[in-house]
Structure formats: C-alpha cells, structure tokens
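Novice: Next up is a structure, given as structure tokens.
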Amino acid sequence: MTQDVLNTSRRGFLKTGAMLSGSLIISFVVPGAKRLAAMGMPAAEDAAAAVFAPNAYLSIGADGSIQIVLAHVEMGQGIWTTLSMLIAEELDADWQKVKVLHSPPGQPYVHTVYGLQITGGSSTTWSEFDRYRQAGATARTLLVQAAAQKFGVSPADCRTENGEVIAGNKRATYGELAGIAASLPPLTEPVSLRSPGEWKYIGKGVKRLDSPAKVNGTAQFGMDMRFPGLLTAVVAHPPVYGSKVKSFDATKARTVPGVRKVVQIPTGVAVIADNFWAAKKGRAALKVEWENGPNVNIDSVAQLAEFKKLVTTRGDKAAEKGDVTSALSKAAKVLEAEYTFPYLAHTPMEPQNVTVKIADNKCEIWTGTQMPGNDQTVAAKILGFKPEQVNVHTVFLGGGFGRRANFQSDFVSEAVHIAKASGEFIKMVWTREDDIHGGYYRPSFVHKIRAGIDAQGNPIAWEHVLAGQSIMAGTPFAAGMKNNIDEASVEGVSDSPYLSSIPDHYIGLHSPKLELPVLWYRSVGHTHTATAMEGMIDELAHAAGKDPVEYRRALLKDHPRHLAALNLAAEKAGWGKPLPPGRFRGVAVHESFKSYVADVAEVSVDEQGVIKVHRFVCAIDCGLAVNPDGVVAQMESGINFGISTAMYGAITLDKGKVQQSNFHDYRIARMHETPLEIEVHIVNSTEKMGGAGEPGVPPVAPAIANAVFAATGKRMRDLPFCNINLKA
Amino acid sequence: MIKLTINHQEHSIDASPDMPLLWALRDIVGLTGTKFGCGMAQCGACTVHLNGEAVRSCVTLLSRAAGQEVVTIEGLSPNSDHPLQRAWIEEDVPQCGYCQSGQIMSAAVLLRENPQPTDTDIDNAMSGNICRCGTYPRIRKAIHRAAELQKEGGNK
C-alpha cells in the first residue's frame, strides 16, 4: 500500500468513488446501482473503459490499481486493514496497488446479519469473513479466465501471484486483464476459497494500512473537510437537553467579524461564519431564551434513589428457573449487594461535525459515521428528498464508540437543518462542551443482587433485578424485544454462564422511560453487567473462603471458552505466585460479542486511598484471530478505555443540566494513569469467530474492583471508583 | 495582518489577533493535521511547536505567535520520516488516529531534549495528551523505538 493511495486527495477521493460507482453500473447488476446512477454519478462511458468491478467490494483499474470498498467504517478498530486482508488473501493482490475507500450508502453494503448499514457490535470481521473473501476470490477467478482467454490456455494452467496471472512463460498484470475480465459473463458456480493452510495473511496479519496517513496529518477526518465557499456553523444548544428556543436576539452576534448568518433550527440557534472562531464568538454574543423541556426535572441523586426503589420489586422477567425465593430461604448464607452506574458520555477525540451541501435537488454529506444509510434516510426526510438524492461520504472517524451510530442521526440531522435553514454550504462543528452536553449517554443503571450459597459455598440461588433506560426502545431494533426485555439492558446477566449452574434464579428488569436519550457505548450492556456479575461472584468466592480463580473454574467447568481464557490469563499473570509488597491481584472473565475475555489486574492502593493500576494480563478467545496484532491492539484499547470508565466516568445532572463539560471534569485516563504493563494473550482457538472492538472493556472494571478488595477489604460497587473513599 | 513562519514558510494571516493559532492553522492556512479536541488545553490534540516548544495551539493566541516559528505535524519532517513517525508505523500505534498528530508533536520535543527517555520520563512528558482509544502502551514503545532509531541514524 503506497502512502499516496492513503492520502488520496479530496478530489481524488470523490473521483475514484464516482468512477467505482460508474464501473459497477457497467459491469454487473448490483442492487443500488440504479440509485447511484440516479444521483448523477458519471455514466458508464465516463469511467475508465477497462475497469473491472466484479462486485461492489472491489474494482481493478487498467493501471492495475485495486480499489477495495469497505462496507464498514474505520474508527480505530482496524477494519481498514482487516477487510482489505480478506480480499487480498483471495485475490493475490499487489499490496502496493491497493486503495481503500469507505462505501457510499447502498444495498450491497448492508450488514450481512443486522440488515442495515452499520459498523457496530464488534461484528465486522466475522460478519464479512465470507463476503469479502468471496469478493476477492470471484475477481481472481475471472482474471484467471481472462488470462486463459488471452493466452489461449486452460484456466487450470494459470496461477496468480502478486497482481499477475502466470501461465508457463506468459504473464499479464491484473490491470492488463481487467478489460477482458469485465466482458466475461458472471460466474454461475460458487468460487472455492483457500484453505487455512494456504493463507498468507489471515491469522498472521499485516501492518495497519492507515498508519502512514495518521502520522503525518494527511488522514482526513470529517473535521478536516475544506471546500471553496464552505462556512462553519456553531450551534447554541439549550443548557438543558431537549429544551426549545423561546426567542433569541442575534443583533450583537451579527456584528462579530466573519459572522454571515444566524438561523434558528429545531435544536437551537446556529451561527454561521467564515471560520470556527468567528462562529464561536458569534455564539457567545447570542442572547437566547429557552423554553424548558421535560428533562429539566432530572436530578441524578433523585434518579438514583428512584432506581434503587425500583429494584426492590421484581420488574419484567428476563430469565427465571425454579423458585428463587424458596431457594434463598434455604441457603446457608445470603449475600446482598447493590451496584450503581452513572450515565456516561462517549467523548470520541473528534467532536461531532458534519459538512452538508444542498444544491440542484441533491444533498451531499461528509462525516464520520457508523450508520451512513440511516443518516441518508434521516437527511432525505428532513429535506423532502428521496434517499437517492442524498449521498453520504464517510471519512475517517476520530473515534466512534457507538456515539456515531444513532438511529436519530442527531448530528447529521442538526447539520442538515442548518444547511436547509440557511441555504449555505456548511460544516457544523460541535465543541467538546456540545459533545458532553449532547445526550445519547450510556444509561445509568442500578443492579440489586441477592445470592445464596450452600454450606460448601456454592451458589444455589441468584435473584437479580436491574433498573435503567432501554437503548433499543423506539429504534428499529425494538422489534426484537420480547416480554418488554431489552437484551441490551440485561446481556451478560440473563445469559450468564454462572446461571446455568445455579438451579434457582430470577432476573428482572425495570426500564424507566425518560426523555434523556441513551445510546450504546462501547460494549453496551456489558459495561455494567460484567461489573455486577464478576463483582458478585468475587464476593461469593470470598464468602465461600475460596480462591477467586478456583471458584470461577468450578462454576465454569461446562463453559470451555470462558475457562480457556480464564486459565490462560491466570497462568500468564502468575496467579497465586507472590507479588511485590503492596500489590494485589483481581480477576474477571466475561463473554461479550461472541468473544471470551479474562483479565487479571494488579493494583496498589496508597495511604491516600489512591488506586494505581500497575499491570493487566488479558486473555481472549475470539476464535480465529484474522489479524492477531489487531486483536491485541483492541484488548489494550479496551483495557485503557475500561480504566477511564471505571475510574472516572460519570455524567451527572442537576435540574436537567449536565454538570460536566470538558476533559477537566469528564476525565479520560492519561498515560501515567494506565498500566505500564499490559500483556495480551490470544487463546489458540478454532471455535466460532467473535468480535474484538468491545469485548476487551467489560472485565476491566470488575478486575480492578476485585484487586482493590484484595488490597483493602473494601468492595467498590458504585461507579466511578474515584468517588469511593478507600482511606481509613 | 499577522506575520509568522509556519513549517519554514512565511505567512501573513488576515485574522483577528485573538483567534487561537489552531484555527488560523486549520481554517485559514489549511493545515488540518493539527486537531481540535477540547479547546482548553486539556487533551493535547492541537499540539504544535512554537519556537521549538510544544504548545497547545487551541489556547495560544495568534498574536502570541506573531513573528515566531511554528511547526505543525505537516512540517515535522520533509518526507514523513521523523524517527517518531517511522516508529509509530512500525509499532502500529494509531487507532482512530485523531490524537496522534498531537502525541507525535509532544513526543518530538521530549526526544529532542531527552534522547533516551525512561518510562517515567515518557509518562511525564505525555500526560498532557489524551488518547481515547488508549494507544498509550504502543506510544511508549514507539517513543523508545524512535529513541533507538534516532541514535542509529539521526533524523533519517
């Protein structure tokens, strides 16, 4: 992969994107091709004559350049590289000639399982494993057929290598064969894929393809869009989320040099200026009166008390077996615990921004988004357009963590409203404060657990009630909700492997309805359920007088993948072996997004009660690790992300106002607050593939809490840990 | 008009003197490698060199940079081959990548002043730069590696 490829200029990006669409139209019938044509993409004859696009995922130019089109977006998790590897594995591509692009919205790019165009659920690699390999293999098969035709030999006499087809002493580059290949009839038989023994990249990995552009400032994020005539919009949002503009006075704002327009939109007042600084100064000079909405009554302290009341009743049934009440009454000992979790903001490093141009009955959108198709639909609805009149150009995401996958498309919607109301070509830019005050938080939750153990210390009864807002309610995913249960609220509890060995259990859920919008946050429900489950299991182990690893091993004896991760982490961490004075270990193991992750945390707690995390040893069973170092990177990332969440993360509200505003009071772990040693081990596994982006997060908080218990004898059950006084 | 040198080129910028250097670089000069993350010197994504020192350009007024030398990520090396940039690629440091310009610009000053930094030196020098993807372990490794590269072959 050459750097200039990655540094594709904006013009080049648009041109190649358009050319690709053109080639799709000429070469094959691909669903959505007509829609692309209707958007005014160039007609077939405008595209390079010899371009070969056997499917929507790759095309080959006459110069041998290979364009890989990603149905998923790069937000740090590394799919820019991993999906390209899958195609390259089957195509025998010359890496130097590969260009990677994000796809436009379109039917071919719909998730193979979820049924909409989305990057999420740690699902890219496993959901695309077959489709992207097939895409590469189909292309290679056709190129071989083309070569056979050109050389006058049988396809069986041809082999491929590094972007060339070779037969005896004859050879032709893919570029030279692209024209013939494009004229061949589509394949009628399924292509065979390479066997694992033949893999060159899968299971071995390659260096990240996006690194060169990300170390010299040329990687283009939404924030970096620049066009002639583009103005910047900054929005005055209400101090209480969801409140409306009652009236505003823009007299002063309009006098700020550089300010061009001030327009009211449904979510506030937008100041449009020549540049960000002028727009922000204009916003500061605005006078806005707000009509308070329903969220003005939210108070975090009162809300927590309310949730704590809710969990004293059974709620909707998420899982039940036997008679938990009776079993609890027969237990040798009953442990009771309450775990509490605040709202969390995703705070990707790149604040939300969207560039919108509305002209000639078309709308062009540039942004970093996890759901371009949904954004397209939302924008079209606002404008009274058909979806095909809206195009979404997805650029690199400066972090996503779920915040850029929103069925409301709140950020895109706001920008489209600004462009519509002003008639200007605008880039809407949120400040960090807009981001932190912008809603769509990880919901606040309370868990109440009563667990009974028998005389040997084994759990025999488990009663667990949760209270927290539903993420899925009101979204298309709500269709999958049964008995009022949002799986995203109880995942990790209702399907816990521990329950299968506990004869009597009951899991209940309260889903209070509040106007403050909530959203999936990296690892979703597992952000809280793993903390509660692995914390409570640790409490039971202690009550039983057993070693935390041994106790888990016994309970997980019929769950080999949990066990494999647990055993590997324990072994590599030296579990049971002496530690330097003042250091203590804690363990947690949790499955999420089809992967099994165990962590051993090593901590110390100083006289001031300050926790220091020295070391993390992590083991993951994700089945086949397509790009092993990418998996390691995601575990490291998940550990540090999990530390931020566990130690510092809290969004609190007072009279509806979010009390945090920027990184000084919504803290992200800094380098010196993260472990000096992070070790990641991948279980050698041929089991079903799982994800990597999220599963690293859930065991982090409980591993730390359990280590701190070992150090201090204190259980930390209220997140974040920085609020807990460990002194004395 | 405010005159300053950016990446060894003279620039005259027609902007309000109270405009932070960050926005002059991004919105006026068109150098978008320097990132906006917080606007209050909390995250370090906007780190540039002002007369060789790492500063947060989001709180550095354009007027303060007048007549001074500014270097951004785009000007760190002629061919993106600064030891840190090479080490960053070799260690697969970037994830989303948004903070990495600032990380590298902070690390460049550390490495110039302390060619063989310890882990503690690195922690101290880099604690002003947030990475939400948590690439810290690789940043540490890459800085050590860059120190080696620098020792072996200078800036090439």
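The values are calculated or read from the model by the stated rules, or taken from the named source; none is laboratory data. Please read these numbers as outputs of a predicted model, since none were measured by experiment. Using ideal geometry, Cβ is built from the backbone for each residue, glycine included, and neighbour counts are taken over all protein chains shown.
Novice: Exactly one of (1) within 14 Å of chain B (Cβ to nearest Cβ); (2) part of a helix (DSSP H, G or I) is unmet by A:L328. Its number?
Specialist: If we test A:L328 against (1) within 14 Å of chain B (Cβ to nearest Cβ); (2) part of a helix (DSSP H, G or I), just (1) comes out false.
Novice: Would a scan of the range A:123-146 turn up a residue that is crowded, with 20+ Cβ neighbours inside 10 Å and more than 24 Å from A:V98 (Cβ to Cβ)?
Specialist: No, the range A:123-146 contains no residue that is crowded, with 20+ Cβ neighbours inside 10 Å and more than 24 Å from A:V98 (Cβ to Cβ).
Novice: Right, next: So, A:E176, is that one among the acidic types (D, E) and assigned to a loop (DSSP other than H, G, I, E, B) or not? Even if it seems obvious, please write down each step before you answer.
Specialist: On the way: among the acidic types (D, E): yes; assigned to a loop (DSSP other than H, G, I, E, B): no.
Here the answer is no, as A:E176 does not meet what is asked.
Novice: Further, regarding this structure: State yes or no: is B:P117 at pLDDT 95 or above, within 11 Å of chain A (Cβ to nearest Cβ) and not in a helix (DSSP H, G or I)?
Specialist: Working: at pLDDT 95 or above: yes; within 11 Å of chain A (Cβ to nearest Cβ): no; not in a helix (DSSP H, G or I): yes.
Spelling it out, it is not the case that B:P117 is at pLDDT 95 or above, within 11 Å of chain A (Cβ to nearest Cβ) and not in a helix (DSSP H, G or I).
Novice: So, of the residues in the range B:129-156 that are at the interface with chain A (Cβ under 8 Å from one of its Cβ atoms) and in a loop (DSSP other than H, G, I, E, B), which turns out to be farthest from A:R403 (Cα to Cα)?
Specialist: B:N129
Novice: Follow-up. What's the total number of residues in the range A:487-502 that are among the charged types (D, E, K, R) and in contact with a Pro (Cβ under 9 Å, 6 or more places away or on another chain)? If you could, list the steps in order and put the result at the bottom.
Specialist: First, the residues of the range A:487-502 that are among the charged types (D, E, K, R): A:487, A:491, A:495.
The next check asks that each one be in contact with a Pro (Cβ under 9 Å, 6 or more places away or on another chain); those that pass are none.
Adding up the residues that qualify gives 0.
Novice: Quick one: count up the residues across the range A:257-286 that are over 24 Å from A:K657 (Cα atoms), small (G, A, S) and not in a strand (DSSP E or B).
Specialist: Total meeting the criteria: 2.
Novice: Would you confirm whether any residue within the range B:15-24 is assigned to a strand (DSSP E or B), within 12 Å of chain A (Cβ to nearest Cβ) and within 17 Å of the chain's Cα centre (by Cα)?
Specialist: Looking only at the range B:15-24, we keep the residues that are assigned to a strand (DSSP E or B), and these are B:20.
Right, trim to within 12 Å of chain A (Cβ to nearest Cβ) and you get B:20.
Restricting the remaining residues to those that are within 17 Å of the chain's Cα centre (by Cα) gives B:20.
Yes; the residues of the range B:15-24 include at least one that is assigned to a strand (DSSP E or B), within 12 Å of chain A (Cβ to nearest Cβ) and within 17 Å of the chain's Cα centre (by Cα).
Novice: Please work out if B:G102 is within 25 Å of A:G630 (Cβ to Cβ) and touching a Lys or Arg at 6+ places or on another chain (Cβ under 9 Å). Steps first, answer last, please.
Specialist: Numbers: within 25 Å of A:G630 (Cβ to Cβ): yes; touching a Lys or Arg at 6+ places or on another chain (Cβ under 9 Å): yes.
Spelling it out, B:G102 is indeed within 25 Å of A:G630 (Cβ to Cβ) and touching a Lys or Arg at 6+ places or on another chain (Cβ under 9 Å).
Novice: Looking at A:K612, A:K572, which is the one that is touching a strand residue (DSSP E or B) at 6+ places or on another chain (Cβ under 6 Å), surrounded by fewer than 16 Cβ atoms within 10 Å (Cβ to Cβ), within 30 Å of A:D629 (Cα to Cα) and modelled with pLDDT of 95 or more?
Specialist: A:K612
Novice: When you scan the range A:239-256, do you find a residue that is in a strand (DSSP E or B), of a type in the set (K, R) and more than 30 Å from B:E91 (Cβ to Cβ), even just one? Don't jump to the end; show me each part of the working.
Specialist: Our first condition is that a residue be in a strand (DSSP E or B); within the range A:239-256, this holds for A:240, A:244-249.
Checking the rest, the ones that are also of a type in the set (K, R) come to A:244, A:246.
Filter once more, so that each one left must be more than 30 Å from B:E91 (Cβ to Cβ): A:244, A:246.
There is at least one residue in the range A:239-256 that is in a strand (DSSP E or B), of a type in the set (K, R) and more than 30 Å from B:E91 (Cβ to Cβ).
Novice: With respect to A:G76, is the statement that it is small (G, A, S) and modelled with pLDDT under 50 true? Reasoning before the result, please.
Specialist: On the way: small (G, A, S): yes; modelled with pLDDT under 50: no.
When the stated conditions are applied, A:G76 does not pass them.
Novice: Taking the conditions exactly as written (away from chain B (no Cβ under 14 Å), surrounded by fewer than 19 Cβ atoms within 10 Å (Cβ to Cβ) and in contact (Cβ under 8 Å) with a residue 24 or more places away in the chain), does A:G120 satisfy them or not?
Specialist: Values: away from chain B (no Cβ under 14 Å): yes; surrounded by fewer than 19 Cβ atoms within 10 Å (Cβ to Cβ): no; in contact (Cβ under 8 Å) with a residue 24 or more places away in the chain: yes.
For A:G120, the condition - away from chain B (no Cβ under 14 Å), surrounded by fewer than 19 Cβ atoms within 10 Å (Cβ to Cβ) and in contact (Cβ under 8 Å) with a residue 24 or more places away in the chain - is not met.
Novice: Identify, please: which residue in the range A:622-676 is of a type in the set (D, E) and surrounded by fewer than 24 Cβ atoms within 10 Å (Cβ to Cβ) and is, among those, nearest to the other protein chains (Cβ to nearest Cβ)? Let's see the steps before the verdict.
Specialist: Step one: filter the range A:622-676 for residues of a type in the set (D, E), giving A:629, A:636, A:654, A:665, A:673.
From what's left, surrounded by fewer than 24 Cβ atoms within 10 Å (Cβ to Cβ): A:629, A:654, A:665, A:673.
Details: A:D629: 6, A:D654: 22, A:D665: 10, A:E673: 8 Å.
Ranking the qualifying residues of the range A:622-676, first place goes to A:D629.
Novice: Could I ask something else about it? Only one of B:E69, B:E10 is among the acidic types (D, E) and without any contact (Cβ under 8 Å) to a residue 24 or more places away in the chain. Can you tell me which? Can you show your working first?
Specialist: Numbers: B:E69 fails: without any contact (Cβ under 8 Å) to a residue 24 or more places away in the chain.
Matching residue, one of B:E69, B:E10: B:E10.
Novice: Please work out which residue is farthest from the chain's Cα centre (by Cα), limiting yourself to the range B:63-75 and to residues that are buried (at least 20 other Cβ atoms within 10 Å of the Cβ) and more than 13 Å from every other protein chain (Cβ to nearest Cβ).
Specialist: Among those that are buried (at least 20 other Cβ atoms within 10 Å of the Cβ) and more than 13 Å from every other protein chain (Cβ to nearest Cβ), it is B:A65.
Novice: Would a scan of the range A:317-324 turn up a residue that is part of a loop (DSSP other than H, G, I, E, B) and either within 14 Å of chain B (Cβ to nearest Cβ) or surrounded by 24 or more Cβ atoms within 10 Å (Cβ to Cβ) (or both)? Before the answer, list the steps.
Specialist: First, the residues of the range A:317-324 that are part of a loop (DSSP other than H, G, I, E, B): A:322-323.
This time we only want the ones that are either within 14 Å of chain B (Cβ to nearest Cβ) or surrounded by 24 or more Cβ atoms within 10 Å (Cβ to Cβ) (or both), so: none.
Among the residues of the range A:317-324, not one is part of a loop (DSSP other than H, G, I, E, B) and either within 14 Å of chain B (Cβ to nearest Cβ) or surrounded by 24 or more Cβ atoms within 10 Å (Cβ to Cβ) (or both), which makes the answer no.
Novice: Something else now. Determine whether the range A:151-164 contains at least one residue that is assigned to a strand (DSSP E or B), surrounded by 15 or more Cβ atoms within 10 Å (Cβ to Cβ) and modelled with pLDDT of 95 or more.
Specialist: Within the range A:151-164, the first condition is being assigned to a strand (DSSP E or B), and the residues that meet it are A:159-161, A:164.
Right, trim to surrounded by 15 or more Cβ atoms within 10 Å (Cβ to Cβ) and you get A:160, A:164.
Next, from what is left, pick out any that are modelled with pLDDT of 95 or more: A:160, A:164.
Scanning the range A:151-164, I find at least one residue that is assigned to a strand (DSSP E or B), surrounded by 15 or more Cβ atoms within 10 Å (Cβ to Cβ) and modelled with pLDDT of 95 or more, so the answer is yes.
Matching residues to (1) free of Cβ contacts under 8 Å to residues at least 40 places away in the same chain; (2) closer than 30 Å to A:E515 by Cα; (3) within 11 Å of chain B (Cβ to nearest Cβ); (4) not β-branched (V, I, T):
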residue: A:G217; (1), (2), (3), (4): yes, no, yes, yes
residue: A:M225; (1), (2), (3), (4): no, no, yes, yes
residue: A:L231; (1), (2), (3), (4): no, no, yes, yes
residue: A:R254; (1), (2), (3), (4): yes, no, no, yes
residue: A:A270; (1), (2), (3), (4): no, yes, no, yes
residue: A:F276; (1), (2), (3), (4): no, no, yes, yes
residue: A:N295; (1), (2), (3), (4): no, yes, no, yes
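Novice: Next question, about the same structure. Evaluate the following for B:P78: is it farther than 22 Å from A:Q634 by Cα, within 11 Å of chain A (Cβ to nearest Cβ) and out of contact with any strand residue (DSSP E or B) (no Cβ under 8 Å at 6 or more places or on another chain)?
Specialist: On the way: farther than 22 Å from A:Q634 by Cα: yes; within 11 Å of chain A (Cβ to nearest Cβ): yes; out of contact with any strand residue (DSSP E or B) (no Cβ under 8 Å at 6 or more places or on another chain): yes.
So B:P78 fits the description; yes.
Novice: Can you give me the ranges of the strands (runs of 3 or more DSSP E) entirely in the range A:432-547 with at least 2 residues that are touching a residue at least 40 places away in the same chain (Cβ under 8 Å) and over 22 Å from A:P702 (Cβ atoms)? Explain how you work it out, then say what you get.
Specialist: Working: elements: A:445-453, A:459-468, A:504-510.
Correct list: A:504-510.
Novice: Right, next: Check off (1) out of contact with any Asp or Glu (no Cβ under 6 Å at 6 or more places or on another chain); (2) crowded, with 21+ Cβ neighbours inside 10 Å for B:I28 and give me the number that stays unchecked.
Specialist: Only one criterion is unmet by B:I28, namely (2).
Novice: Moving to a separate point now. Regarding A:P266, is this residue closer than 26 Å to A:A359 by Cα, touching a residue at least 60 places away in the same chain (Cβ under 8 Å) and surrounded by fewer than 20 Cβ atoms within 10 Å (Cβ to Cβ)? Steps first, answer last, please.
Specialist: Numbers: closer than 26 Å to A:A359 by Cα: yes; touching a residue at least 60 places away in the same chain (Cβ under 8 Å): yes; surrounded by fewer than 20 Cβ atoms within 10 Å (Cβ to Cβ): yes.
Yes; evaluated as a whole, the condition is true for this residue.
Novice: Then there's this: Given the options A:G197, A:G203, name the one that is surrounded by fewer than 22 Cβ atoms within 10 Å (Cβ to Cβ), small (G, A, S), at positive phi and not assigned by TED's automatic domain parsing to the domain that holds A:G400. Break it down stepwise before answering.
Specialist: On the way: A:G197 fails: at positive phi.
Just a single option satisfies the conditions, and that option is A:G203.
Novice: Name the residue that is farthest from B:S57 (Cα to Cα), counting only residues in the range B:91-114 that are within 8 Å of chain A (Cβ to nearest Cβ) and without any contact (Cβ under 8 Å) to a residue 60 or more places away in the chain. Before the answer, list the steps.
Specialist: Here is the first cut: in the range B:91-114, the residues within 8 Å of chain A (Cβ to nearest Cβ) are B:92-101, B:104.
If we keep only those that are without any contact (Cβ under 8 Å) to a residue 60 or more places away in the chain as well, we get B:92-97, B:100, B:104.
Numbers: B:D92: 26, B:V93: 23, B:P94: 22, B:Q95: 23, B:C96: 21, B:G97: 18, B:Q100: 15, B:I104: 14 Å.
This residue is B:D92.
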